[in-house]
Every structure is written in C-alpha cells, then in structure tokens.
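Everything on this sheet refers to the single structure shown next.
The values are calculated or read from the model by the stated rules, or taken from the named source; none is laboratory data. Not measured: the values here are computed from a predicted model. Positions of Cβ are backbone-derived with ideal geometry, glycine not excepted, and every protein chain shown enters the neighbour counts. Accessible surface is based on the protein model in full, side chains and every heavy atom, while ligands, DNA and RNA are left aside. Shrake-Rupley method; radii C 1.70, N 1.55, O 1.52, S 1.80 Å.
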Amino acid sequence: MSFAGRRRGNKAKKGVQFTVMVVGTSGTGRTTFVNTLCESEVLSHKICDDPASAHTEEGIRIKPVTIDLDEDGVRIALTIVDTPGFGENINNEFAFQEIVGYLERQYDDILAEESRIKRNPRFRDNRVHALLYFIPPTGHALREMDIELMRRLSPRVNVIPVIGKADTLTPSELKGFKKRIMQDIEHYDIPVYNFPYDVEEDDEETIQDNSELRAMMPFAVIGSEEEVDLDGQLVRARIYPWGVAEVDNPKHSDFSRLRSALLNSHLADLKSLTHDVLYETYRTEKLSRTVHTEHDSSLLPEELATQGVRLKEEQLRKEEEKLRESELRMQRQINEKKQELLAKEESLRNLESRLAAQGSQSEFRD
Ligand SMILES: Nc1nc2c(ncn2[C@@H]2O[C@H](COP(=O)(O)OP(=O)(O)O)[C@@H](O)[C@H]2O)c(=O)[nH]1
Ligand SMILES: [Mg+2]
C-alpha cells in the first residue's frame with residue numbers, strides 16, 4: 001500500500017464515537033428499537049423478551065456492542081449497551097445497581113487513566129452519552145419504579161425518556177400519556193436531558209429545533225425489523241388488520257426525529273454534557289469524598305485526581321496486607337491445632353499402652 005493510500009485509510013477510519021444505553025422493563029421493545037436504529041440485527045431477541053422471566057436475567061452481564069454507521073457522510077462508531085430488563089412485582093434492586101454501577105465504573109476508568117503518568121495507548125473511553133429509558137405503553141402515568149430509577153440515573157447520564165411500542169396506543173391516548181409523564185418528571189424534579197437551549201446565546205434555528213424536540217418528549221417510538229411494500233416502496237413498519245404503523249413516518253412515531261437528534265444534531269451536545277457536567281460532577285464528588293475523609297482539601301484538581309488514585313492504591317495495599325496477615329494468623333492457628341492434636345494422639349497412645357499393661361497385670365493376678 002502506498003503512503004498516500006495509508007493516510008487516506010487512516011483518515012477514513014477516524015470518525016466519532018458515541019455510546020447509547022437502553023434501559024427498561026422487559027418486553028418494551030428495546031431490542032427491536034436498537035435493531036431498527038442500526039438497521040441490522042445488532043442484538044438478539046433470545047434474552048430480555050419475556051417480563052415473566054425477567055428475574056432470571058440477573059446473570060446477564062451488561063455487554064456493549066459496537067457497530068459502524070455512516071450518518072450523512074460522517075462515520076460513527078456507535079456502541080449500544082443493552083441492560084438486563086426488569087420485571088413488575090419483583091425486586092429490581094439488583095438490576096438497578098448493575099446499571100448505575102456500570103455507568104460509574106466507566107467514569108472510574110477515565111479518572112484512573114487521567115491520573116496515570118504514562119497513558120495507556122489502548123485505553124477505551126466507554127462512557128455512556130445517552131440513556132434511552134423505555135416506558136411501557138400503559139397509557140396511565142409513570143410507575144414508581146420508573147420514577148425511582150430515572151431519578152437515580154439522571155445525575156450520571158443524559159436520560160432521554162421514550163415510550164416503547166407506541167403503536168399500541170391511539171393518538172389521543174398517546175397525547176394524554178405523554179403529558180402525564182412530563183408532569184411526573186417535573187413534579188419529581190427528575191433532571192432528564194431536555195434539549196437545553198439559551199434564548200440569549202443560541203441562534204434562531206437551534207432554539208426552534210430544541211423547543212420542538214422538548215415538546216415531543218417523551219419520544220413515542222415504533223420499532224420493526226421488517227420491511228413492508230407500501231405502494232412499491234419498502235418501508236419499515238408493523239402491519240395490522242386496520243392499517244400500517246410506519247417507523248419513519250413522523251405522523252406515526254417520533255422515531256426519525258429521535259434518531260437524527262441522537263446521531264446527528266445533538267450528538268456533540270450529549271457528548272460534551274457527559275464530559276463537562278456529568279463526569280465532572282462525579283469526579284468532584286468522588287475525589288472530595290476520598291480527600292475529606294483522609295486529608296485536607298487545599299489541592300488543585302489535578303493533584304486531587306492523583307491523590308484520589310494514590311489513596312485508592314494505598315487502601316488496596318492496606319487491604320491486601322490485612323488479608324495476608326489474617327491468612328498467616330489462620331495458618332498459625334491451624335499449625336497450633338495440629339500440634340495439639342498430635343500431642344493428644346501421643347498421650348492417648350501412652351494411655352492405651354498403660355491400660356494394656358495394667359490389663360495384662362490384673363489378668364496375671366486373677
Ligand atoms: N406493537 C409493537 N410491538 C413491538 C414493537 N417493538 C417490539 N415489539 C414486540 O414486542 C416484543 C418484545 O420486543 P423486544 O424488542 O424483544 O423487547 P425487549 O425485551 O425490551 O428487548 C416482541 O414481540 C416485539 O416484536 C413496537 O414498536 N410495536
Ligand atoms: Mg431485549
């Protein structure tokens with residue numbers, strides 16, 4: 001390969017990296033949505049489909065998959081993070097902890113990497129830039145567990161609420177449902193991603209675009225892995241006896257608006273919010289927690305980061321030491337017990353032989 005060719009190759013390889021997590025009750029259409037978004041079978045349906053077996057999903061690890069997309073000439077390495085679906089009327093605490101834990105671990109990894117003297121060239125930034133929270137199309141309002149989980153997630157990630165399988169509701173049901181969901185979000189003060197804009201600073205178009213998207217929330221989505229022939233055109237849709245629900249038709253669902261917001265218009269904003277606000281907050285919380293408990297806080301942020309990692313290493317070392325000590329202690333106790341046992345066996349043997357000797361003596365006397 002020529003030098004010029006190689007250079008071109010490298011350039012083409014460069015694109016943007018973006019990570020989306022999908023969370024929600026089993027059977028709300030998460031897997032179908034992801035496959036619709038990526039236009040290929042990125043996720044399989046084997047797991048998470050049946051709400052009744054959701055509690056058996058706990059063994060499933062959260063595993064990211066990455067695919068390459070071409071979005072208007074821009075290459076996007078899109079990482080999808082699927083999560084174990086949860087069920088109703090069961091204890092979902094395990095799943096909740098898994099999800100929040102995953103988000104925080106990605107921040108911890110960056111924090112550790114940032115404070116290394118020598119960077120790891122193969123380090124991968126796996127922070128999640130947007131989390132699609134799937135609300136089941138009940139038509140009522142948010143459930144308590146939706147409120148609780150969204151509340152726990154929002155400080156760590158850009159949460160975008162969506163209504164899955166929106167074609168199961170009529171337009172008027174959907175309208176009322178959306179309204180009630182947003183009222184709940186406001187009432188419980190859940191800091192979801194709300195397409196922020198600044199009337200003073202942003203241009204007309206951005207303000208218009210963002211306020212439209214905000215008014216659409218939560219996004220009503222339809223997913224379908226099948227294409228249907230509509231007047232000679234293949235479109236992704238779901239067929240019913242009473243008609244066709246089209247994925248990309250804005251009159252039927254908010255799918256295409258959400259897709260372009262995620263992968264195009266708001267990709268950069270979601271990424272910078274993740275880094276500048278959410279990660280920064282986590283980092284400050286974490287470091288001040290470590291530092292306040294052990295040292296004073298008159299340090300620069302960089303020093304705090306190094307300090308934080310060093311403290312953690314120190315803590316680990318101490319823990320290892322403690323473990324080794326207790327291992328030694330245990331070994332010593334085992335040895336002591338062995339000695340005792342040997343001594344006891346010995347005296348038993350002595351006793352036996354004495355008894356035997358006595359026995360033969362008395363026999364002799366009788
Ligand atoms: N009506 C309707 N059904 C859907 C939609 N998306 C998925 N489904 C169906 O709902 C079931 C569960 O979907 P799946 O994507 O596996 O849900 P997951 O458990 O959240 O990953 C499957 O039978 C899908 O065919 C949708 O947009 N509308
Ligand atoms: Mg699934």
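Report yes if some residue within segment 165-177 is open to solvent by less than 40 Å² (accessible area, probe 1.4 Å), under 24 Å from residue 96 (Cβ atoms) and either more than 16 Å from ligand 1 (Cβ to nearest atom) or in the same structural domain as residue 84 (by TED's automatic domain parsing) (or both); otherwise report no. Yes, some residue in segment 165-177 is open to solvent by less than 40 Å² (accessible area, probe 1.4 Å), under 24 Å from residue 96 (Cβ atoms) and either more than 16 Å from ligand 1 (Cβ to nearest atom) or in the same structural domain as residue 84 (by TED's automatic domain parsing) (or both). Scanning segment 81-104 for residues that are among the β-branched types (Val, Ile, Thr) and assigned to a helix (DSSP H, G or I), we see that the one that is nearest to residue 42 (Cα to Cα) is 99.
Is segment 106-115 home to any residue that is surrounded by 15 or more Cβ atoms within 10 Å (Cβ to Cβ), modelled with pLDDT under 85, in a helix (DSSP H, G or I) and in the same structural domain as residue 194 (by TED's automatic domain parsing)? No: segment 106-115 contains no residue that is surrounded by 15 or more Cβ atoms within 10 Å (Cβ to Cβ), modelled with pLDDT under 85, in a helix (DSSP H, G or I) and in the same structural domain as residue 194 (by TED's automatic domain parsing). The single condition from (1) touching a residue at least 12 places away in the same chain (Cβ under 8 Å); (2) farther than 22 Å from residue 306 by Cβ; (3) of a type outside the set (D, E, K, R) that residue 101 fails is (1).
Which residue out of 194, 158 is closer than 14 Å to residue 218 by Cα, touching a residue at least 24 places away in the same chain (Cβ under 8 Å) and surrounded by 14 or more Cβ atoms within 10 Å (Cβ to Cβ)? Residue meeting the stated conditions: 158. When residue 247 is tested against the conditions (1) loosely packed, with under 14 Cβ neighbours inside 10 Å; (2) β-branched (Val, Ile, Thr); (3) more than 24 Å from the chain's Cα centre (by Cα), the lone failure is (1). Would you confirm, using the coordinates I've provided, whether residue 78 is open to solvent by less than 10 Å² (accessible area, probe 1.4 Å), away from ligand 1 (no atom under 16 Å from the Cβ) and out of contact with any Asp or Glu (no Cβ under 6 Å at 6 or more places or on another chain)? For residue 78, the condition - open to solvent by less than 10 Å² (accessible area, probe 1.4 Å), away from ligand 1 (no atom under 16 Å from the Cβ) and out of contact with any Asp or Glu (no Cβ under 6 Å at 6 or more places or on another chain) - is met. Close contacts from segment 21-32, counting a first residue that is more than 9 Å from ligand 2 (Cβ to nearest atom) and a second that is open to solvent by 10 Å² or more (accessible area, probe 1.4 Å) and assigned to a loop (DSSP other than H, G, I, E, B), with Cβ to Cβ under 7 Å and a gap of 6+ residues or different chains, come to 25/88; 25/136. Pairs meeting the criteria (first residue in segment 272-287 and closer than 13 Å to residue 155 by Cα, second residue open to solvent by 20 Å² or more (accessible area, probe 1.4 Å) and in a helix (DSSP H, G or I), beta carbons under 8 Å, at least 6 apart or on different chains) are 282/104. When the residues of segment 211-225 are narrowed to those that are open to solvent by 10 Å² or more (accessible area, probe 1.4 Å) and not small (Gly, Ala, Ser), which ends up nearest to residue 237 (Cα to Cα)? Filtering segment 211-225 for residues that are open to solvent by 10 Å² or more (accessible area, probe 1.4 Å) and not small (Gly, Ala, Ser), the one nearest to residue 237 (Cα to Cα) comes out as 225.
One line per residue, one yes/no per condition, for (1) within 18 Å of the chain's Cα centre (by Cα); (2) part of a loop (DSSP other than H, G, I, E, B); (3) at pLDDT 65 or above:
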site	(1), (2), (3)
21	yes, no, yes
33	yes, no, yes
40	no, yes, yes
47	yes, yes, no
58	yes, no, no
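Condition (residue is more than 26 Å from residue 195 (Cα to Cα) and out of contact with any Pro (no Cβ under 8 Å at 6 or more places or on another chain)) applied to segment 124-145: is it met by at least one residue? Yes: one or more hits. The set of residues in segment 13-29 that are within 10 Å of ligand 1 (Cβ to nearest atom) and open to solvent by 10 Å² or more (accessible area, probe 1.4 Å) comprises 27, 29. You will find that of 297, 288, 256, the residue that is at pLDDT 95 or above and either within 24 Å of the chain's Cα centre (by Cα) or open to solvent by less than 80 Å² (accessible area, probe 1.4 Å) (or both) is 256 and no other.
Residue 238 satisfies every condition listed in (1) part of a loop (DSSP other than H, G, I, E, B); (2) surrounded by 16 or more Cβ atoms within 10 Å (Cβ to Cβ) except (1). In the condition set (1) surrounded by 12 or more Cβ atoms within 10 Å (Cβ to Cβ); (2) at pLDDT 70 or above, residue 313 is compliant with all but (1). Scanning segment 8-19 for residues that are in a loop (DSSP other than H, G, I, E, B) and either farther than 26 Å from residue 125 by Cβ or at pLDDT below 85 (or both) returns a single hit, 14.
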